Amino acid sequence: MQHSLGPEASSSGNWGPLVTRKSVMRSGLAALLVAPFTVSSLAAGRGQESGGSEAESSDLAEGRGATDEEIVLGVSAAFSGPSRGLGTELYRGAMAYFNNVNENGGIEGRRVSLKLYDDGYQPDPCVQNTMRLMLEDKVFLLFGYVGTPTVTRVLPILKKFQDEKIFLFFPFTGAQPQREPPYGEFAFNLRASYNQETAGLVDNLVRIGRRRIAVFYQIDAYGRSGWAGVRAALAKHGERLAGEATYSRGEKFTGSMRKQVEILQGVSPDAVICIGAYAACAAFARDAVDLGLDVPIANLSFVGSENLLKLLTEGQDDAERYTRQLINSQVVPSYEDTSIPAVQEYRDLMARHDPQVPADLVQEEYAPFPHSFGSLEGFLNAKLLGEILRRLGPDPDRTGLEEAVFSIEDFDLGISERVSFGPDRRQGLQSVYHTVVEDGRFVPLDDWGARFG
Amino acid sequence: MRIRRLFKWTRFGIFAVFGLIVLSTSILCIYTVDTELSAEYEVNTQNIAKTIADSSAGILLNQNLATLQSLVDQFLEVQGIRYIYITSETGEFLAHTFVPGIPEEILESDHSNTAPVERSLPGMGDFIEVGSPILAGVAGTVHVGMDLDVVALKIQRAIGQQVYLISVMLVLGVLASIWFVNLAAKPLGELLAYAVELARDGENDELGERDLLARDDEVGHLARLFLHVSRQGAGRGLPARVSGAE
């Protein structure tokens with residue numbers, strides 16, 4: 001199913017980067033009535049979908065993915081299903097940045113457009129979407145994919161079409177396959193890896209004497225990636241996994257995780273590390289508390305912290321009942337810390353644009369958060385990609401992408417950590433942050449011993 | 001007048017022969033389909049295990065367990081396959097598909113064994129599990145569990161279709177044989193009725209005009225013979241139609 005992105009008409013009459021058939025038609029009619037001067041940019045934005053000019057059709061057909069007016073980025077992410085919050089938040093953050101770029105003249109005069117497809121966090125639709133983005137839409141690059149099971153299946157496609165030089169930029173996953181041979185050369189990552197996240201959790205837990213660590217994980221490539229990270233981190237301390245329990249991808253919060261809790265209770269863990277999405281991990285945390293498994297429950301950044309917190313606190317008399325033992329690992333700094341320049345910029349642009357997922361992509365109700373770790377990550381992803389696109393110069397070409405990325409050295413993204421890339425360094429950030437819930441929000445965890453010792 | 005007793009045993013014989021054919025064919029069919037399909041499923045499962053083992057050697061050596069899990073998940077979509085697990089050479093589980101956890105029976109089994117083994121896992125069902133070594137076993141072993149209930153269902157469906165076809169053929173065959181018997185019995189009944197009429201009223205000239213006398217078969221011959229005998233007994237010659245027919 002194809003979803004496009006309606007161009008976002010701002011009060012100033014400029015058009016946002018998102019384009020779809022339906023929304024373009026709808027918005028196009030409105031534009032003709034209220035802002036005739038925007039028509040030319042709208043026509044350009046439609047590209048091959050709406051029968052744009054011969055010149056731009058020709059450009060896209062040639063596989064450049066960029067015309068004189070725009071650069072098209074291909075996105076396949078979860079906008080439906082139990083994990084729709086992940087794709088939505090990531091997208092909102094990215095669009096806050098790209099909307100601002102487009103409002104200010106784009107990159108070298110080109111607007112940045114996103115071609116969106118929903119994969120529901122399922123591998124097969126993601127593979128189909130990717131083929132469509134590459135072969136039919138002929139996008140300039142792939143951007144903002146969500147999830148390990150999806151990305152893992154897409155990587156062989158990138159290898160198959162390696163001559164096309166289509167790279168995957170900044171997927172929302174910390175798994176190893178896109179960081180290592182044989183597929184590492186086709187992707188660029190910004191966030192820290194799951195290995196780094198799990199190592200951070202394990203090291204701190206072991207340091208405070210919690211050596212018996214069990215794992216609750218999604219039984220797919222994502223869960224296995226985190227499982228392997230915990231296993232490797234424990235091995236460095238001479239420990240093994242105390243136990244494990246699994247769930248199937250797509251579980252909802254209304255489902256029961258009692259069997260999983262009972263399995264882990266049987267091995268008497270000192271802590272449990274969850275590698276899953278927010279709905280299932282929230283269900284596990286709820287059932288663990290209800291069944292008396294009173295140990296720290298840690299989650300990785302992918303979980304979607306705000307959605308997890310919302311599920312565990314909504315409608316509860318005691319809002320902290322299910323959240324006292326939570327530790328959430330993050331790969332971006334706190335969005336509450338406005339002393340960080342990029343965070344302030346993110347908050348300003350989110351407030352200014354408040355991007356929404358195109359209506360034709362919305363199948364189920366989802367109330368986005370004003371700010372979230374996911375949208376901040378999307379924002380940082382977009383900001384760095386914007387810099388890379390600028391470095392391509394006035395005549396962007398896929399063949400120059402690697403060189404442009406590798407030119408990023410000691411780049412100040414606006415957070416404390418600087419970003420560098422190179423042929424042997426395809427991950428920009430290395431930092432991992434740990435947070436706990438206090439007063440209904442995630443705050444930095446400074447003293448592990450005091451809280452969980 | 002109907003001829004019932006004459007073909008009673010014929011009909012019984014037809015039923016008996018057809019029944020025997022259906023029974024023996026069905027038994028042979030059940031045996032063949034069951035044996036062949038069971039063997040085919042087992043071979044397919046072994047092939048899948050071997051394919052995974054061959055594909056996973058490089059992945060395992062790179063310790064890329066996420067890719068390994070992704071590979072395993074794809075094979076789980078094959079109909080009938082309910083679980084897959086990969087153990088290292090030391091017996092550690094490196095990838096599997098069990099939810100909510102690895103069953104006790106699997107945990108306690110000999111992970112280096114690759115021979116087919118039947119398992120009954122509580123809450124999951126009955127399975128035939130086959131294994132395949134990775135790099136001759138030095139890198140681990142792949143185990144694939146085929147759901148016996150699914151296999152049995154497939155076999156039952158295949159057998160059901162065969163038996164259904166044979167049963168339809170039996171019914172059609174019996175109906176056809178009854179029709180043929182009735183076809184043969186009808187002129188015999190008419191002949192019998194004709195003979196009775198001759199015995200009662202052989203002088204009646206109308207009896208020499210019957211269609212039965214014009215038949216060019218055994219029944220016609222017998223009818224003419226009966227009329228001839230009847231008329232000779234009465235001192236009368238054969239009617240012209242009978243003479244002409246002869």
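The set of residues from segment A:118-144 being under 19 Å from the mean Cα position of the chain (by Cα) and closer than 23 Å to B:Asp73 by Cα comprises A:Asp118, A:Asp119, A:Gly120, A:Tyr121, A:Gln122, A:Pro123, A:Asp124, A:Pro125, A:Cys126, A:Val127, A:Asn129, A:Thr130.
Of the strands (runs of 3 or more DSSP E) that lie entirely inside segment A:210-290, those containing 3 or more residues that are within 9 Å of another protein chain (Cβ to nearest Cβ) and in contact with a Phe, Trp or Tyr (Cβ under 8 Å, 6 or more places away or on another chain) span A:243-247. B:Glu105 fulfils the conditions (1) in contact with an Asp or Glu (Cβ under 9 Å, 6 or more places away or on another chain); (2) more than 11 Å from every other protein chain (Cβ to nearest Cβ); (3) not in a loop (DSSP other than H, G, I, E, B) except for a single criterion, (1). If the condition is being closer than 21 Å to B:Ala115 by Cα and either touching a Pro at 6+ places or on another chain (Cβ under 8 Å) or within 13 Å of another protein chain (Cβ to nearest Cβ) (or both), then segment B:47-74 contributes B:Ala53, B:Ser55, B:Ser56, B:Val72. Residues in segment A:291-324 that are surrounded by fewer than 20 Cβ atoms within 10 Å (Cβ to Cβ) and in a loop (DSSP other than H, G, I, E, B): A:Leu291, A:Gly292, A:Asp294, A:Glu314, A:Gly315, A:Gln316, A:Asp317, A:Asp318, A:Ala319, A:Glu320, A:Arg321, A:Arg324. For segment A:112-160, a residue qualifies if it is of a type in the set (Phe, Trp, Tyr), touching a helix residue (DSSP H, G or I) at 6+ places or on another chain (Cβ under 6 Å) and assigned to a loop (DSSP other than H, G, I, E, B), and exactly one does: A:Tyr145.
Pick out the one residue from B:Gly189, B:Gly220, B:Gly160 that is within 46 Å of the chain's Cα centre (by Cα), at pLDDT 90 or above, on the phi < 0 side of the Ramachandran plot and not acidic (Asp, Glu). Step by step, each of B:Gly189, B:Gly220, B:Gly160 is checked, and only B:Gly220 is within 46 Å of the chain's Cα centre (by Cα), at pLDDT 90 or above, on the phi < 0 side of the Ramachandran plot and not acidic (Asp, Glu). For segment A:400-411, filtered to residues that are closer than 23 Å to A:Leu141 by Cβ and without any contact (Cβ under 8 Å) to a residue 12 or more places away in the chain, the residue that is surrounded by the most Cβ atoms within 10 Å (Cβ to Cβ) is A:Gly400.
Only a single item in (1) out of contact with any Phe, Trp or Tyr (no Cβ under 8 Å at 6 or more places or on another chain); (2) within 26 Å of A:Gln430 (Cβ to Cβ); (3) at pLDDT below 95 is not met by A:Ala298, and it is number (3). With respect to the conditions (1) part of a helix (DSSP H, G or I); (2) modelled with pLDDT of 95 or more; (3) closer than 21 Å to A:Ala78 by Cα, A:Asp360 lacks only one, and its number is (2).
Kindly indicate which of B:Ile128, B:Ile134 is farther than 30 Å from A:Val151 by Cβ and touching a residue at least 60 places away in the same chain (Cβ under 8 Å). Going through B:Ile128, B:Ile134 in turn, the sole match is B:Ile128.
Considering A:Phe379, A:Phe369, A:Phe421, A:Phe411, which residue is more than 20 Å from A:Pro171 (Cα to Cα) and among the aromatic types (Phe, Trp, Tyr)? Among A:Phe379, A:Phe369, A:Phe421, A:Phe411, only A:Phe369 is more than 20 Å from A:Pro171 (Cα to Cα) and among the aromatic types (Phe, Trp, Tyr).
The values are calculated or read from the model by the stated rules, or taken from the named source; none is laboratory data. Keep in mind that what you see is a predicted model, and the values were worked out from it rather than measured. Ideal geometry is used to build each Cβ from the backbone, glycine not excepted, and the neighbour counts take in all protein chains shown.
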